[in-house]
Structures are given as C-alpha cells and as structure tokens.
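Heads up: the structure comes next, in structure tokens.
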Amino acid sequence: EPAVPNEAQPDLQALKHKAISQPLVEHIYTADPSAHVFDGVIYIYPSHDIEAGIPFNDNGDHFGMEDYHVLSMAGPDAPAVDHGVALHIKDVPWAERQMWAPDATRKNGKYYLYFPAKRPDGIFQIGAAVGDSPIGPFKAQPKPIAGSYSIDPAVFEDDDGQFYLYFGGIWGGQLQQYRNHQWHADHAEPTADQPALGPIVAKLRDDLLEFAETPREIQILDEQGQPLKAGDTDRRFFEASWLHKYQGTYYFSYSTGDSHFLCYATGDNPYGPFTYQGRILEPVVGWTTHHSIAEFAGKWYLFYHDSILSGGVTHLRSVKMAEIQYDADGRIQTLKPYRD
Ligand code: FUB
C-alpha cells in the first residue's frame, strides 16, 4: 500500500458509467468477496470496510475492520441482502484488530467461517468460527488455528469431500516473515531473481477446525516449468488465494498486489504445482484487488471489488460481480472492469 494512493486520480464519474458492474450493496463498504452457492442461493462473505481513522501505511493498518456481514442473493440478478453482523472482533477471544478477508464453507449442516485478524502482539493468524446458518451468527473458536499464519484464508471442498485451506499474503499480510512456517523478524521478501514466496495450503481436519497436516508452500510455475521469480511482479503471488475446479482442472487464482492484477494458474491437484495461465481481471480503481469465482446455474461469476463508490478511497471498497467465460481450452477470458 503506497503512502499516497492513486497518485494520478482517474475520472471516477466516467469510470462509474463505464464499469461492467455496479456495487452489490451501497449502504456499507464491502470488499474481498468470497462467494459460495448453498441450496441455490449465493452467499457472499466479504470484509466490512470502515473508516477506522488510522493513517495510511505500507502495513495496511488503515484497513481497520471490526466485523463481518454476510450478503445473500437469490440469483445473479437479484438484489443483495445484508444479514447484519455475523461475527464481531469483540467476540473473538484471541484477536485484537483488523478483520481482513474471510471465507466460509459448509459440512454436515454446520457453517464454518475462516478469518484473519491480528493478535494483540500485531501478528496475523487465522481463526475459525462455527454457525448453524450460512448467514451466521458464528461463534469463534477460543484460539486461532494452530500453525496458521498470515492472511486471506480461502476454503475449497474437493469432490472427494476433503477440505483445504489456502492462505498467505506478503507485505502487510506478513508472509515474508516466514520460512518453513516459522516466523522470524529478520526474514524478508526474496530478492528479485529468487523464487517468489508461494501461497500456503493445508488440508483441514474432519471437524474443519484445525489443520490435518503441516501446511505446504505452493509453487506457481512459468511456461518453462520454473517457479515465478520475486521480481516478476506482474505474475507472482501477492495475496487473495482462491481455488476452484473447472472441468476436472484445479484453478488457483490470486492477486499480484502492487501490480494490481487478478491472475490464475492451473494444476491437476489441490497442492499444485500450478502453471501460470494469465489474467482474470485488469486493475480496478483502488490499490487492492481481491476476488472469488463461483458457479450458479451453469454460468461462472467473478466476485471482486473496487473503490469507485467511496471516490477512490483505497480501504473503502464495494463488492461487485461479473460473468466470466472460458474458451474451449479452459482459458479464462480476461475481463476489463471498465469499458473502453
Ligand atoms: O481487506 C484487507 C486486505 O486487503 C485483504 O486481506 C487483502 O486481500 C486486500 O484485499
């Protein structure tokens, strides 16, 4: 996050009219939408952006969110309904601040919300919270998931009923502080010619409350089969993991952060490696870009956000959705968020 965001201010009024989608809700700011279809209804688990009054810095401390609201839609063209507070940070025993991008899943009639937040010592971990309904309320576990770290959990249920949690994000997300899943204050991003840091994945235990295994780092490879380099900022992983399966192939998608793209890579199993394929979405208004992908009635949709509604304020975002198309080879056609 640069100290001075959006240096060259775009013409937001013009971009609003050229936008391929309008905000799903306008009465609150929402971001980082993780969408799932349960029983024929679209449920969106977003961050709930607020003006916390914290100055901008490179750690993203101004993203001072305090709770989660769940949105639902009867279909892609139906209005989005805000179901109110589903979990507040005051009810999370281990967490102190910054409820960043969440995700959720369902198993045996219970719903599981996964969310990152900072402990009182300023270190991010990932928590689980359980509810009886897709809209919450969710009750947080007393402690974060053991062995979890960094931000942006995304949960994926494979066809065999196994669940995997993907996570990680560099810079404010703290992933660069870890090697072999151990924090060290001296650790930093690799140099430009070294392999980039990868996202992390762990299979979840049957009760979905803890990891079933030691987390693993995922490799994202280039067209030669080599890991993407840290200096390849247009393609390397930054944050915002998402995993979906299309016609038997695993699609790992993510944000490139400081170059502002949503990209994807494909593989033949949930752990990767994944081979870089291309962009899903060109940059939006605002510094961050974050997404999910879900199928509804045979069509596929990208859920994403931008900062147009707030006049370009980077930590006051609005979730949007747009249909995506695959070509005959399974390639996702790149979307432009604003028409030319
Ligand atoms: O919303 C806070 C953070 O901004 C998320 O965790 C990141 O993915 C970025 O969207």
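The values are calculated or read from the model by the stated rules, or taken from the named source; none is laboratory data. The model shown is predicted, which means the values in this text are computed figures rather than measured ones. Cβ sites come from the backbone with ideal geometry, for glycine too, and all protein chains shown count toward neighbours. To get the accessible areas, we keep the full protein, side chains included, count just its heavy atoms, and leave off ligands, DNA and RNA. Shrake-Rupley method; radii C 1.70, N 1.55, O 1.52, S 1.80 Å.
Annotations for the structure displayed:
- For segment 87-105, the set of residues classified as crowded, with 18+ Cβ neighbours inside 10 Å and touching a residue at least 40 places away in the same chain (Cβ under 8 Å) consists of L87, V92, A95, M99, W100, A101, P102, D103, A104, T105, listed by residue number.
- The residues of segment 271-301 that are within 15 Å of the chain's Cα centre (by Cα), of a type in the set (A, V, I, L, M, F, W, C) and under 22 Å from I200 (Cα atoms), listed by number, are I280, I293, A294.
- Scanning segment 107-116 for residues that are open to solvent by less than 70 Å² (accessible area, probe 1.4 Å) and more than 18 Å from G168 (Cα to Cα) yields K107, G109, Y111, Y112.
- Residue match in segment 72-82 (condition: buried (at least 19 other Cβ atoms within 10 Å of the Cβ) and within 16 Å of the ligand (Cβ to nearest atom)): no
- Filtered residue count, segment 150-180, keeping only those that are at pLDDT 95 or above and part of a loop (DSSP other than H, G, I, E, B): 13
- Taking the listed residues T191, T214, the one that is within 30 Å of A128 (Cβ to Cβ), over 17 Å from the mean Cα position of the chain (by Cα), modelled with pLDDT of 95 or more and part of a loop (DSSP other than H, G, I, E, B) is T214, with no other qualifying.
- Looking across D258, D306, one residue alone is open to solvent by 30 Å² or more (accessible area, probe 1.4 Å) and closer than 22 Å to L15 by Cα. It is D258.
- Matching residues in segment 9-22 - criterion: being farther than 16 Å from L281 by Cβ, open to solvent by less than 40 Å² (accessible area, probe 1.4 Å) and touching a residue at least 12 places away in the same chain (Cβ under 8 Å): L12
- Selection of segment 309-337 for residues being within 13 Å of the ligand (Cβ to nearest atom) and open to solvent by less than 10 Å² (accessible area, probe 1.4 Å) yields T314, H315, R317, S318, V319.
- Being charged (D, E, K, R) and under 22 Å from A31 (Cβ atoms) is a property that does not hold for R339.
- Residues that are of a type outside the set (F, W, Y), under 19 Å from the mean Cα position of the chain (by Cα) and closer than 19 Å to G60 by Cβ, drawn from segment 111-125: P116, A117, K118, I123, Q125
- When the criteria are applied in full, G147 fails the requirement of being in a strand (DSSP E or B) and surrounded by fewer than 17 Cβ atoms within 10 Å (Cβ to Cβ).
- Any pair with Cβ under 7 angstrom, 6 or more apart, that starts in segment 38-58 at a residue that is among the acidic types (D, E) and ends at one that is open to solvent by 50 Å² or more (accessible area, probe 1.4 Å) and not in a loop (DSSP other than H, G, I, E, B): D49/Y29; D58/W171
- All of A128, A101, A95, A52 fail the test of being under 18 Å from the mean Cα position of the chain (by Cα) and within 16 Å of the ligand (Cβ to nearest atom), apart from A101.
- Criterion violated by F252 - all others in (1) within 27 Å of I145 (Cα to Cα); (2) open to solvent by less than 50 Å² (accessible area, probe 1.4 Å); (3) away from the ligand (no atom under 16 Å from the Cβ) satisfied: (3)
- Exactly one residue out of F38, F63 is open to solvent by less than 20 Å² (accessible area, probe 1.4 Å), at pLDDT 95 or above, away from the ligand (no atom under 15 Å from the Cβ) and closer than 27 Å to D91 by Cβ: that is F38.
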